[in-house]
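Worksheet: one structure, shown below.
The values are calculated or read from the model by the stated rules, or taken from the named source; none is laboratory data. Note that this is a predicted model, so its numbers are computed, not measured. Positions of Cβ are generated from backbone atoms using ideal geometry, with glycine treated the same way; all protein chains shown enter the neighbour counts.
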Amino acid sequence: MQNKKSKTQNTKTLKAYLLDDQVGFILRKANQLHASIFSNLIPNDLTPTKFSALAKLYELGSLSQNELGRFIAMDAANIKGVIDRLKRLNLVRTRTDPNDARRHLIYLTPLGKVVIERSIPKASLITEKTLSPLSKEEQIIFLTLLKKISSPD
């Protein structure tokens, strides 16, 4: 009997499922819109991920690779690739941590500082354009809820 009930419930769930109402699908569509706005306003060689790394270094100063990865929600393997690409663009450099010779600190180059200082006002405009369909109150609520979902602890 339980098996038949489960099967009936599963059938109802399948029939009621609408992709357009699913959080992952909606978030992906919103992210695609945001990425499109970003690519139109920020130089081609600066992806959202590279921008995030530069912005966090600008905000906090020198960081280890591990710290930077944690701050911008990237795992160790991916953050290494981002740092390597930023180094090739002469936007960051690494140096040995004077307090711990085993650690390497990542810091902005003068060019990296110029690039991020020119990009931050554009990033604010990108956020403004992305959120433009919402009222100011809705924007605050939306961002609060996204932060709550992305930081469940």
List every residue pair whose Cβ atoms lie under 7 Å apart, where the two residues are 6 or more positions apart in sequence or sit on different chains, the first residue falls within the stretch 45-62 and is without any contact (Cβ under 8 Å) to a residue 24 or more places away in the chain, and the second residue, located anywhere, is crowded, with 17+ Cβ neighbours inside 10 Å and β-branched (Val, Ile, Thr). Ser52/Ile72; Lys56/Ile72
Is it true that some residue in the stretch 66-88 is in contact (Cβ under 8 Å) with a residue 40 or more places away in the chain and on the phi < 0 side of the Ramachandran plot? no
Identity of the residue in the stretch 17-35, surrounded by fewer than 11 Cβ atoms within 10 Å (Cβ to Cβ) and at pLDDT below 95, that ends up farthest from Leu125 (Cα to Cα): Tyr17
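Yes/no matrix, rows are residues, columns are (1) under 16 Å from Ala30 (Cα atoms); (2) hydroxyl-bearing (Ser, Thr, Tyr); (3) within 17 Å of the chain's Cα centre (by Cα); (4) surrounded by 15 or more Cβ atoms within 10 Å (Cβ to Cβ):
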{"site": "Arg95", "(1), (2), (3), (4)": "no, no, no, no"}
{"site": "Arg102", "(1), (2), (3), (4)": "no, no, no, no"}
{"site": "Ile106", "(1), (2), (3), (4)": "no, no, no, yes"}
{"site": "Pro110", "(1), (2), (3), (4)": "no, no, no, no"}
{"site": "Val115", "(1), (2), (3), (4)": "no, no, no, yes"}
{"site": "Lys136", "(1), (2), (3), (4)": "no, no, no, no"}
{"site": "Ile140", "(1), (2), (3), (4)": "no, no, no, no"}
{"site": "Lys147", "(1), (2), (3), (4)": "yes, no, yes, no"}
{"site": "Ser150", "(1), (2), (3), (4)": "yes, yes, yes, no"}
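Residue check: is Leu68 surrounded by 13 or more Cβ atoms within 10 Å (Cβ to Cβ), in contact with a Gly (Cβ under 8 Å, 6 or more places away or on another chain), within 25 Å of Arg28 (Cα to Cα) and modelled with pLDDT of 95 or more?
No: the conditions fail for Leu68.
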Which of the helices (runs of 4 or more DSSP H) found entirely inside the stretch 28-104 contain at least 3 residues meeting this: among the aliphatic types (A, V, I, L, M)? 48-60, 76-88
